[in-house]
1. For residue 102, which aspartates and glutamates qualify as cross-link partners when the Cα separation must be under 12 Å and same-chain residues fewer than eight apart are set aside?
2. When the Cα atoms of the range 591-641 are enclosed in a convex hull and the volume is divided per residue, what value in Å³ results?
3. How long are the semi-axes of the equivalent ellipsoid of the range 456-532, defined as square roots of 5 times the Cα gyration tensor eigenvalues? Whole Å, largest first.
4. Local charge sum around residue 324 (other residues, Cβ-Cβ under 12 Å, Lys/Arg +1, Asp/Glu -1)?
5. What number, in nm² with one decimal, is the all-direction average of the projected area of the convex hull of the alpha-carbon atoms of the range 315-375?
6. Please compare each pair in 160/260; 581/626; 342/365 to a cut-off of 19 Å on the Cα-Cα distance and tell me which ones are over it.
7. If eta is 0.692 mPa s and T is 37 °C, what Stokes-Einstein diffusion coefficient results for the range 228-269, Kirkwood Rh from Cα pairs, in µm²/s?
8. Starting from the eigenvalues of the Cα gyration tensor, five times each then square-rooted, give me the equivalent ellipsoid semi-axes of the range 276-411, largest first, whole Å.
Amino acid sequence: MNENNVKNKMKNHLSNVKKQISPKIRHLFFLLAKKWKKLHLTKWMILLSLTTALFFSVYLAILAESADVDSLHAGLTQPTTVIDDSGEEAGRLYAQKGTYVKTEMISENIKDAVIATEDQRFKKHKGFDPIGLGRAAFGYVINRGQIVGGGSTITQQLAKNAYLSADQTVMRKLKELFLAIEIEKNYSKDYILEMYLNNAYFGNGVWGVEDASLKYFGKSADEVTVPEAATLAAMLKAPSHYNPIDDYERAIERRNVVLKLMENTEVLTAEEKQTYQNTGLDLSDKYDREDSYRYPYYFDAVINEASNDYGIDEEDLLNNGYTIYTSLNQAYQQEMNAVYEKDHLFETAADGTLSQSASIALDPKSGGVKAVVGGRGEYTFRGLNRATQSYRQPGSVIKPLGVYAPAIEEGYTPYSMLIDEELSYGETEYTPTNLSGTYQGEVPMYEALSNSLNAPTVWLLNEIGIEKSVSKLKRFGIDVDSSERTLGTLALGGGWNKGVSPLEIASAYSVFSNDGVRAAPHFITKIVDATGAIVVDNTEVKKTRVLSQSVADKMNSMLLSVFESGTARNNQPAGYKIAGKTGTTQTDTDVGANDQWIVGYTPDIVLASWAGYDHNDHHLSTYSSKGIGMVLKDQMESILPYTEKTTFLVEEAGVEYKEEQEETFLEQVTGGMEKAGELFKEGASLFKDKTENIFDRFRNKMRGE
């Protein structure tokens, strides 16, 4: 059978099938149409469509009503301000804000140019323009359902800039429309135009018409000429594309289009338009933005806390004129910043890579963070803050928290004798060693802690049990997962999956400084919106009893010995007495260190500092006391003069122990001398008696008695 025969056979078969099926399909459609008519489905479809439209209209109306349009002007006028712990302004948060000027300080040339370009019926409509919407709807159809812009009035653009994203979606357009109607109900046309011009972006990092005038023409907005005003209005379509600094010729071309639109709206005559189109631009940059983001790592942390803990959107926070009250102490922060400018205190790798570091200071009584530095080198806006967001192996700074504090609670004292021998534990025969490689057999607890001895620390943890350590660490604010419940991890601070941050360590050590109570760490104390309403009140923070005061006192006595005679004896700030702990994590090859830690505190302040590299392809060549310890010493010497200088109520444990030892020896010597004197007296008395007896017998013989 050839190919043509096969095709003819298939064609005949399909024709027969069509003849059989077609009547059935027509009958089915007839029945459906009859049923549709009988059930009035067309009416139901219309009703459903109208109901859906009504539902969305109500939803969008409620959304617009809840947008707090009343505070729009205040939010745009007022920058978001950060207040320090003494009620003084510390700075402002970066946002889409320029210098806000009132409508009378904006040239009529600018207003005319913008209205002619962006919304020619601005003064006639009530927030939306039916003609513009029709044009946008036509574009939506011919572009197969894609929103390509257009149709938005100045009021709608203000609503978008203030409340919405730039997404080109139908839902966003509908929200924009309803918000525009709500704005028009609350503000006059002059106010709306004023807010729009002060909130518009003009390229090169400049927001607002006043700063744009200074950036491009070196003059205020009320001095701008017609050609300059047309150039500013031209930028609104695409600021990076049409600004005269980046592309002068393109900016002139677009400006001339705006001048033509101004002629069309009868703002200019044809002769004036022609004259201005033949005019060049004298560019002059006199814009000098004041850098009010004064303490970048602190302000970054404030934004994070507002967003993560209180659900305030970052864009909302930056743009809507909040006042944020914080625990920031500007003196502490400035001194900390100054220390981090001293590059000689930090290591640099052979290939030029900077070692990193972070420090954080908090008030142990309130938990408020007073100062923070999150890294070295070039700062990145909203980048990594190593003081709050970087988690590292804690090393020996974990020892007081996970071993010695729970041991004191179990009845040990700073002078309890601990086994200091090279011992093996468990099925894995885990064998911790002291860094010095020497062992004393027994050592008092305070000495094991102050000299950061590993062997007695692990022995002590093995004695009290891992569960007590895990439970106590959780009370200190440090979580331990199942894989970290080992002697080495909990006692010596290595092998943690996530690690700990400097903020967590500082908060944990605040327990010792604050008589055993931990106040939840925080940056923000209160947030007030642009209308004056309090939206966040964190003035009463959560406090948790972690240790009894007696246990805290004993821990303080031991941790004072760290700086008096232990591993941090070279880091004691001149003229002050502080307590704390050092910590180091070694590399896999035991050459150098991956992490250096040191914590120092008084009853007034807790300061935790870390140093290392972001990636362990580099390592530090020193240990904590010579590295990060000197950074802490410098910080403490600068910050402590600003504190209340409260002293500890306990003495260093080592001093008490030595005094006891010296007193015992003196008592032994004195006692021995007293006993010897008594024996001597007894001997002398006996000698005297014996001698007198002999002389008496001799005299009697001489007398013949």
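1. By straight Cα distance, residue 102 reaches 190, 194, 210, 222.
2. Values: hull volume 3.4 nm³, N = 51.
Spelled out: Cα convex hull of the range 591-641, divided by residues, is 67 Å³.
3. Details: eigenvalues 210, 42, 19 Å².
So the three semi-axes of the range 456-532 are 32, 14, 10 Å.
4. Numbers: positive: 92, 526; negative: 84, 89, 305, 529.
Summing Lys and Arg as +1 and Asp and Glu as -1 gives -2.
5. On the way: hull surface 25.7 nm².
Result: 6.4 nm².
6. Numbers: 160/260 27 Å; 581/626 14 Å; 342/365 30 Å.
Over 19 Å apart, Cα to Cα: 160/260; 342/365.
7. On the way: Rh = 10.1 Å.
So the translational diffusion coefficient is about 326 µm²/s.
8. Values: eigenvalues 316, 101, 39 Å².
So the three semi-axes of the range 276-411 are 40, 22, 14 Å.
Values in this text are rule-based calculations from the coordinates and carry no lab data. What you see is a predicted model, and the numbers here were worked out from it, not measured in a lab. Quick reminder, even Gly has a Cβ in these numbers, built from the backbone with ideal geometry, and neighbours come from all protein chains shown.
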